[in-house]
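*Asks:* Shown below is the structure under consideration.
The values are calculated or read from the model by the stated rules, or taken from the named source; none is laboratory data. In this text the structure is predicted, and so the values were computed from the model without any measurement. Every residue, glycine among them, receives a Cβ derived from its backbone with ideal geometry; neighbour counts consider all protein chains shown. We work out accessible area using only protein heavy atoms, side chains counted, and drop any ligands, DNA or RNA first. Shrake-Rupley method; radii C 1.70, N 1.55, O 1.52, S 1.80 Å.
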Number of protein chains: 2
Amino acid sequence: MKKISTRDKIVNSAHKLFYERGYNATSIDDILKDAGLNKGSLYHLFKGKKEVLLAVIEERIAYNLKQKYKEIDTVENPLQYLQHKLLSTDSFDFKHGCALNNLVQEMSPVDADVAKALLKVYNDLEHYYFIALREASMSDEEKKALAKMMVATVEGAIMAAKAAQDKAPFIQIVEQLFKFLLKV
Amino acid sequence: MKKISTRDKIVNSAHKLFYERGYNATSIDDILKDAGLNKGSLYHLFKGKKEVLLAVIEERIAYNLKQKYKEIDTVENPLQYLQHKLLSTDSFDFKHGCALNNLVQEMSPVDADVAKALLKVYNDLEHYYFIALREASMSDEEKKALAKMMVATVEGAIMAAKAAQDKAPFIQIVEQLFKFLLKV
DNA sequence: ACCAAGTTTGACCAATTAGTCAAGTAAGTT
DNA sequence: AACTTACTTGACTAATTGGTCAAACTTGGT
């Protein structure tokens, strides 16, 4: 039974609620209620709601991505590893989609600071896909372009699942994508 | 100088603002201010904010999609036509992304009625891509799966452009996708 | 002109929003 | 014990939220 710092309680609750409801639809009071804290504690630690969001992006979303793909450059068959990671059952929550994607949609056009933080994570994501292509016989430029497309397809697949509120489209699209990759 | 009905003024303003800011971030007062109308007019014509959203989805987003792709089953080279439509400069606003996608992200997990209306449009979108594949030498099942993947890739490309707040990633990904399609 | 239906006006309401702050408590340092 | 710093409490504010409604205005039919 380790005790969780006040800061972590806030960032955890904010992460969860921003993911499930979106940034605008989550109030500070919602976060505090979920975390079991009072208002002053939050404003003692953060300048405001936006700073909480930046912490969520940098300390949770970026971190989770790193945890998910950190082994990809040591693994034997990285493309297969990637496919397996994507299709493993708890890979993502089809109902709420991709935490990164969700925030990009909602926030990137609206706030430059947030957009910058999100773009950094997005670039990391593309980089992991680039590494997954290291065995492929093509130039680095081509790998980069292909990785970009793969990320787009997977993110689009998550969105398709969200539109249908059903995981099936996601699986179908990812399988189609990898069927494709084998041909090239 | 034709005069626009009150209803159309509301739906137009709502469509624009929902697209630019999102549903939750747009207040009824914002819509009314943009439309130059008073509160009672809106509540005379609509039950509430959600009904305005449903009108936007069914009368604007679905309609615009239809307008964009209605010629695709008569055109000579439908795949090339699709590519051209996607890459034509005013095809979409990279800053705000895809109106359909945006609403799916924000609303589908939260409201079943809205999710249903959005899914219908999403299925139409996939159907247009399916038609664009009519010349391809494969079974209808394969075409359907491929069309699904193409939609996902294009939607993901829009999201990549939104993340970067720059149209370039979108163009790159769409080009990569069609380069791919030629190989198969 | 008269009437009834459709439409518009804008003040009003209760609830919620992000953010403030003076007062209190806990925890370490000497 | 005395003192200082870090943290927590929760009442408060000003603004905004979606929604209501009685009164006023248009409009078209007779």
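*Asks:* To the nearest hundred square angstrom, how large is the accessible surface buried between B and A, total for both chains, probe 1.4 angstrom? Provide the component values of the computation, followed by the final result.
*Replies:* On the way: alone 10920 and 10910 Å², together 18290 Å².
In total, this chain pair buries about 3500 Å².
*Asks:* Here's a follow-up. Hull surface divided by four, with the convex hull built on the Cα atoms of the stretch B:54-183: how many nm²? Display every interim value, and only then the final one.
*Replies:* Values: hull surface 32.1 nm².
Projected over every direction and averaged, the Cα hull of the stretch B:54-183 covers 8.0 nm².
*Asks:* Now for a different question. Distance between the C-alpha centers of the stretch A:53-132 and the stretch B:144-161? Whole Å please.
*Replies:* Spelled out, the Cα-based centre of one part sits 18 Å from the other.
*Asks:* Calculate, axis by axis, the spread of Cα positions in the protein assembly as shown along the three principal axes, and write the results as whole Å, longest axis first.
*Replies:* 67, 56, 31
*Asks:* Counting only other residues whose beta carbon sits under 12 Å from that of A:GLN176, what net charge do I get with K and R as +1, D and E as -1?
*Replies:* +2
*Asks:* Considering only protein heavy atoms, what per residue accessible area in square angstrom results for the protein assembly as shown with a 1.4 angstrom probe?
*Replies:* On the way: 18290 Å² over 368 residues.
It amounts to 50 Å² per residue over the protein assembly as shown.
*Asks:* Right, here's the next one. Summarise the partner chain shielding of A:106-119 as one whole number: the mean count of Cβ atoms from other chains within 10 Å of each residue's Cβ. Please report the intermediate quantities before stating the final value.
*Replies:* Working: counts 7, 3, 9, 12, 6, 0, 1, 0, 0, 4, 1, 0, 3, 6.
Partner Cβ neighbours, averaged per residue: 4.
*Asks:* Let me ask another. Please compute the average number of Cβ atoms from other chains found within 10 Å of each residue's Cβ in peptide B:160-169.
*Replies:* Values: counts 10, 2, 10, 17, 7, 7, 1, 0, 0, 6.
Mean partner shielding for this stretch: 6.
*Asks:* With helices defined as uninterrupted DSSP H runs, which ones in chain B have an alpha carbon span along their own long axis of at least 18 Å and mean Kyte-Doolittle hydropathy of at least -0.5?
*Replies:* Working: long enough: B:6-21 (22 Å, -1.01); B:112-132 (30 Å, 0.26); B:140-164 (36 Å, 0.24); B:168-183 (23 Å, 0.93).
Going by DSSP H runs, the hits are B:112-132, B:140-164, B:168-183.
*Asks:* Step through the table entries A:LYS47/B:LYS9; B:LYS70/B:LYS179; A:LYS49/B:LYS39; A:LYS16/B:LYS39, compare each Cα-Cα distance with 32 Å, and write down the pairs that go over it. Please report the intermediate quantities before stating the final value.
*Replies:* Details: A:LYS47/B:LYS9 39 Å; B:LYS70/B:LYS179 25 Å; A:LYS49/B:LYS39 30 Å; A:LYS16/B:LYS39 35 Å.
Check vs 32 Å cut-off fails for A:LYS47/B:LYS9; A:LYS16/B:LYS39.
*Asks:* What's the carbon and sulfur percent of the stretch A:6-183's accessible surface, probe 1.4 angstrom, rounded to a whole number? Don't skip to the end; give the middle numbers.
*Replies:* On the way: 4120 of 8320 Å².
Answer for the stretch A:6-183: carbon and sulfur cover 50 percent of the accessible area.
*Asks:* Another question, if that's okay. On average, how many beta carbons from a partner chain sit within 10 Å of the beta carbon of a residue in B:16-27? Mind dumping the intermediate values first?
*Replies:* Values: counts 0, 0, 0, 1, 2, 4, 9, 3, 7, 7, 1, 0.
Averaged over the peptide's residues, the number is 3.
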